[in-house]
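These notes concern the structure reproduced below.
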Amino acid sequence: MEGVGKEEKQAHDKEGTPRWVVSALVRHGETKQETETFTLTAPLAVAEKINEIEELTPIRLRGLAGGKWTRVSSDKTSWSFQIAGVEVAS
């Protein structure tokens, strides 16, 4: 996560809610594991709870949404992902 701490500059949405970057090691079904980053708009208390989850703990991404985009000067398509929350998988 980035932006945690009084000295860090934090991105916010239009309503003033902080926007966080969450990194996770992801595997869907039998595919290989890959590191992905997700954007989460949530209050500091939510981000702090997520930050307490131990590394490599199985989690579920709630409200996963993806979008494709292409730079004007490129033919490469990239993906960006947003989530509404994270919960520890049982």
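The values are calculated or read from the model by the stated rules, or taken from the named source; none is laboratory data. Note that the structure is predicted; figures quoted are calculated from it, not measured. Note that we place each Cβ from the backbone using ideal geometry, even for glycine, and neighbour counts take in every protein chain shown. The area values use the complete protein model at the heavy-atom level, side chains included, leaving out ligands, DNA and RNA. Shrake-Rupley method; radii C 1.70, N 1.55, O 1.52, S 1.80 Å.
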Problem - For Ile53: the one exception among (1) more than 16 Å from the chain's Cα centre (by Cα); (2) modelled with pLDDT of 85 or more; (3) β-branched (Val, Ile, Thr) - result: (1)
Practice task
Considering only region 8-67, state which residues are among the aromatic types (Phe, Trp, Tyr) and closer than 15 Å to Trp79 by Cβ.
Solution key: Phe38
Handout entry: Scope region 17-32; condition at pLDDT below 90 and assigned to a loop (DSSP other than H, G, I, E, B); matching residues
Key = Arg27, His28, Gly29, Glu30, Thr31
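Residue-by-condition table, conditions (1) open to solvent by 60 Å² or more (accessible area, probe 1.4 Å); (2) part of a strand (DSSP E or B):
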residue	(1), (2)
Leu40	no, yes
Lys49	yes, no
Glu54	yes, no
Thr57	no, no
Val72	yes, no
Phe81	no, yes
Practice task
Quickly run through region 38-84 and pick out the residues that are touching a residue at least 24 places away in the same chain (Cβ under 8 Å) and on the phi > 0 side of the Ramachandran plot.
Solution key: Leu56
Problem - Filter pass, Val46 being touching a helix residue (DSSP H, G or I) at 6+ places or on another chain (Cβ under 6 Å) and either among the aliphatic types (A, V, I, L, M) or at pLDDT 85 or above (or both) - result: no
